[in-house]
Amino acid sequence: MSELLPMRNKNKNTFPRPGTTVFIALTWLLFQATVVFADSASEKAQMLINEMSRASHDLNYDGVLVYRCANQMNTMRIIHKAGGEGEHERLVSLTGSAREVIRDGNTVRCFFPENKAVMVEKSHAGKLISSYLPDPIERIADHYHFEIATQDRVAGRNAWVVNIIPGDNLRYGYQLWVDQDTRLMLKSELKNSDGITLEQIMFTQLEVLEQIPDSLLKPTITGADYTWYETTAKSKMEVQNSDIRWIVTWMPDGFTMSEYGKQSMSMSQVPVDHMVFTDGLAMVSIFIEKLTRDAQSAEGPSTMGGINTYAVLTGGYQVTAVGEVPMTTVRLMANSVKPRD
């Protein structure tokens with residue numbers, strides 16, 4: 001692949017990578033006909049995505065991106081620093097409500113000035129814009145098809161356009177624009193089975209840098225007089241059988257539980273059981289909340305862009321499934337949640 005797709009990395013150490021569950025509630029002309037139509041086209045596309053995933057982890061960059069979802073558009077600045085001590089990122093909203101998200105390794109802090117609140121999430125899946133990047137590609141190869149479609153330009157940079165096509169109607173497809181120089185993801189689109197774009201993330205400015213000053217990674221909001229909400233999650237490897245109170249009896253092929261923990265919803269102090277399921281690319285969160293006498297419950301479906309939610313009441317609990325997957329998937333998963341015997 002390196003012979004087919006030569007890499008010019010400005011950071012000599014390695015390759016390059018571009019939300020939280022609350023904040024980020026993310027096709028060019030053929031460069032060679034043989035790339036798209038050769039028997040090994042899918043493998044070449046997979047290798048390019050693997051390079052993109054590694055690149056997103058390992059490069060230092062500072063960029064401005066636009067996030068479009070339904071009829072909403074937000075502009076954000078993202079600063080990413082790689083290093084031996086782990087990854088560090090800062091995401092700052094430039095439009096709408098003033099918000100900041102800081103990631104230090106696997107700890108994510110979300111600052112919400114309008115609520116005077118900070119949410120701290122300790123997660124093994126700590127990612128911001130990189131949520132669309134499969135890691136590694138082999139995990140999802142049985143459930144998606146890959147192809148290099150064409151070439152384009154994004155943020156003044158030449159890019160390959162890669163299609164990730166789902167093998168069934170239980171998950172969405174993706175189109176990724178990959179920088180030919182650095183391998184960073186420049187743009188991504190989430191698409192339904194009709195090829196309609198549901199969400200889009202696109203860089204409008206991007207600098208790849210040798211160094212990122214630590215000062216650029218510090219929040220401008222101190223949160224000194226804010227209410228702090230801390231949640232924890234355990235990876236599948238850390239979860240003990242005694243921890244698991246609920247089971248999901250149906251999920252699409254290839255999905256497995258990646259995290260289990262306690263979390264607060266809607267800035268509430270009421271803890272809920274929280275499970276995360278993924279096929280390595282698509283993700284579904286399931287929240288199970290004990291209803292109190294004065295609690296407001298919700299049932300049925302809701303949609304915002306590519307994010308679908310389905311809630312159902314069962315035995316005094318509200319089960320809510322949320323994910324960037326079709327409504328059928330979250331509905332079937334929510335309805336399959338049962339107490340563990």
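Structure summary
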{"item": "Any chance residue 138 is closer than 26 Å to residue 256 by Cα and in a strand (DSSP E or B)", "result": "no"}
{"item": "Residue among 239, 248 that alone is among the β-branched types (Val, Ile, Thr), surrounded by 18 or more Cβ atoms within 10 Å (Cβ to Cβ) and either modelled with pLDDT under 95 or not assigned by TED's automatic domain parsing to the domain that holds residue 70 (or both)", "result": "248"}
{"item": "Of all residues making up the range 309-339, the number that are at pLDDT 95 or above, more than 10 Å from residue 286 (Cα to Cα) and under 19 Å from the mean Cα position of the chain (by Cα)", "result": "4"}
{"item": "Some residue of the range 201-213 being surrounded by 13 or more Cβ atoms within 10 Å (Cβ to Cβ) and outside any strand (DSSP E or B)", "result": "yes"}
{"item": "Among the candidates 280, 306, 254, residue that is in contact with an Asp or Glu (Cβ under 8 Å, 6 or more places away or on another chain), under 22 Å from residue 167 (Cα atoms) and at pLDDT below 90", "result": "280"}
{"item": "Within the range 12-57, considering residues that are of a type in the set (D, E, K, R) and surrounded by fewer than 19 Cβ atoms within 10 Å (Cβ to Cβ), the one modelled with the lowest pLDDT", "result": "12"}
{"item": "Filter result for residue 209 (in contact with a helix residue (DSSP H, G or I) (Cβ under 7 Å, 6 or more places away or on another chain), outside the structural domain of residue 262 (by TED's automatic domain parsing) and at pLDDT 95 or above)", "result": "no"}
{"item": "Per-region count, the range 77-86, residues modelled with pLDDT under 95 and either farther than 15 Å from residue 209 by Cα or surrounded by fewer than 20 Cβ atoms within 10 Å (Cβ to Cβ) (or both)", "result": "4"}
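The values are calculated or read from the model by the stated rules, or taken from the named source; none is laboratory data. Note that this is a predicted model, so its numbers are computed, not measured. Note that each Cβ is placed from the backbone with ideal geometry, even for glycine, and that neighbours are counted across all protein chains shown.
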